[in-house]
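Below is one structure, written out as structure tokens; the observations come after it.
Taken together, the values in this text are just the output of simple stated rules run on the coordinates, not laboratory data. Quick caveat: nothing in here was measured; it's all calculated off a predicted structure. Cβ atoms come from the backbone with ideal geometry, glycine included; neighbour counts cover every protein chain shown.
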Amino acid sequence: MMFSGFFRFGVWQNFFRAWKSGYSGNLEGEGFTLGGVYVIGAGRQGVLLEHREKEFGDKVSLPAVLEAADKIKPQAS
């Protein structure tokens, strides 16, 4: 995204949402890498949840993560 991220409306919405909620995390680093969340099941279950950040500040749904984690079946040994 580089500098184009600063001109996106959604990025500013996410910034103000985080600021209003009191986010005071570490703002050091390169700042150009988008993140993601994966929940991967045991054995052959594969990927149960995939969330890729499309713009800075996208958040994954916590209930979706917990629901995916509940679907993980222990692997028989």
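In table form, for the structure just shown:
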read-out	value
Residues Asp70 and Leu34, FRET efficiency given R0 of 30 Å [Cβ-Cβ distance, rounded to 0.05]	0.65
For Leu49, distant residues with modelled amide H under 5 Å away	Val39
